[in-house]
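Below is one structure. I have some questions about it.
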Amino acid sequence: MLFVVACGVFTAGVPAHADDSALFEAVRAADLKVAGIGWRLALANAPLCDRIEAGTGMQLHTLDQFDADKRESAKAHFGFATPVAIEGVVPDSPAERAGLRPDDSLVRVGSVEIAGLSGKPGTTDKLVAAQFAIAALPAESPIPVEVIRAGTRVQVTLQPIRACKSRFELALDGGFGASADGTMVQIGSGFLDAYPDDQIAAVIAHEFAHNILHHRDRLEARGVDYGLLSGFGANVKYFRQTEVQADILSVYLLANAGLSPRAPVAFWRHFGPSKAGGILLSRSHPAWRDRVATLEAEVAKVEQLSVRPVVPALIAERDKPLDGDWQSILVRAH
Ligand SMILES: [Zn+2]
């Protein structure tokens, strides 16, 4: 399933009286926070990924993602001379080094013509199409980029960096959902309001680990059922195996990126008891205390190693079918 998120900009946690500009900038800052964490993880862990993209550090958005009644003020605020624009550039990324700026509207990125992208109005179709097309460009060749900046055409050349192929997206729902669909990591904006950056990175790293380990494909190869039946029957052991594996790999992804490998432990110590409903009661996920014990065991291993990146054994097994053995990789809490 590919998530197509129509990001309504009226969100929980954003005051209704805020003027549109303040709201737009709050959304931009939140998107950039997620993009920045994703960038660090995708770049540092490229040696662990078999799906590589031309990493640019551009965070894109589209006028179509705004609610219809906000579109006019969004256009006035951001410009949007074309359907897809740069919402922000990650600091010290190829996009920043090329001189690209927030609110540059994209005309062309390499062979990707923004005007040629198709998609239904009022959806993120064109944005997603642009992201996929740009990610498919050769990972190491210079990319000519043409933008419209304050009404003027500007051409630059961007030198991409090899990065794991993944999109990172914020769901402006005020919620505590997080998901990975194979090509994208999505995190609910509730995490941004409630948790420090290193723990937000821990949540993103867990979801990213699912994608790096091809969990969606491997679960589908096992014929598992998503949705209501995911917590029942033969499905359970496969889901649990992928959950424990994602926890384990997240520790390495964070350490490789120079982020705190202990952050998932701190996250679960808080999130486990405070949000002990929903997915935490699901039989597809192990108990949070066991997740903490498993994470702590892995942190101890990674902290003894000085070489980065660390490529854990899970990576070599990612093309094998899931065997459903979650018991032997889960460390039980005492
Ligand atoms: Zn998971």
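The values are calculated or read from the model by the stated rules, or taken from the named source; none is laboratory data. Given the structure is predicted, the values throughout are model-derived calculations rather than measurements. Cβ: placed from backbone, ideal geometry, glycine included. Neighbour counts: every protein chain shown. For accessibility, only protein heavy atoms count, side chains too; no ligands or nucleic acids. Shrake-Rupley method; radii C 1.70, N 1.55, O 1.52, S 1.80 Å.
Looking at (1) farther than 15 Å from G57 by Cα; (2) free of Cβ contacts under 8 Å to residues at least 40 places away in the same chain; (3) surrounded by 16 or more Cβ atoms within 10 Å (Cβ to Cβ); (4) of a type in the set (A, V, I, L, M, F, W, C), can you tell me which one F176 breaks?
With respect to (1) farther than 15 Å from G57 by Cα; (2) free of Cβ contacts under 8 Å to residues at least 40 places away in the same chain; (3) surrounded by 16 or more Cβ atoms within 10 Å (Cβ to Cβ); (4) of a type in the set (A, V, I, L, M, F, W, C), F176 is out only on (2).
A further question on this structure: Just to be sure, is A205 buried (at least 16 other Cβ atoms within 10 Å of the Cβ) and without any contact (Cβ under 8 Å) to a residue 40 or more places away in the chain?
Here the answer is no, as A205 does not meet what is asked.
Can you pull out every residue in region 181-213 that is part of a strand (DSSP E or B) and more than 11 Å from the ligand (Cβ to nearest atom)?
Correct list: M184, Q186, I187, G188.
When T157 is evaluated against the numbered criteria (1) without any contact (Cβ under 8 Å) to a residue 40 or more places away in the chain; (2) touching a strand residue (DSSP E or B) at 6+ places or on another chain (Cβ under 7 Å), which criterion, by number, is the only one it fails?
Unmet for T157, out of (1) without any contact (Cβ under 8 Å) to a residue 40 or more places away in the chain; (2) touching a strand residue (DSSP E or B) at 6+ places or on another chain (Cβ under 7 Å): (1).
Identify all residues within region 294-313 that are crowded, with 18+ Cβ neighbours inside 10 Å and over 20 Å from R40 (Cβ atoms); write none if there are none.
The one that is crowded, with 18+ Cβ neighbours inside 10 Å and over 20 Å from R40 (Cβ atoms): T294.
Now a separate question. Go through region 231-250 and give me each residue that's of a type in the set (G, A, S) and open to solvent by less than 20 Å² (accessible area, probe 1.4 Å).
Scanning region 231-250 gives G231, A246, S250.
Please count how many residues of region 61-101 are surrounded by fewer than 17 Cβ atoms within 10 Å (Cβ to Cβ) and closer than 25 Å to A42 by Cβ.
Within region 61-101, residues that are surrounded by fewer than 17 Cβ atoms within 10 Å (Cβ to Cβ) and closer than 25 Å to A42 by Cβ number 5.
Would you mind finding the one in L253, L322 that is within 14 Å of the ligand (Cβ to nearest atom), over 27 Å from G175 (Cα atoms), in contact (Cβ under 8 Å) with a residue 12 or more places away in the chain and open to solvent by less than 30 Å² (accessible area, probe 1.4 Å)?
Exactly one of L253, L322 is within 14 Å of the ligand (Cβ to nearest atom), over 27 Å from G175 (Cα atoms), in contact (Cβ under 8 Å) with a residue 12 or more places away in the chain and open to solvent by less than 30 Å² (accessible area, probe 1.4 Å), namely L322.
Looking only at region 81-95, count every residue that is part of a loop (DSSP other than H, G, I, E, B), touching a helix residue (DSSP H, G or I) at 6+ places or on another chain (Cβ under 7 Å) and among the small types (G, A, S) and tell me the total.
So the count comes out to 1.
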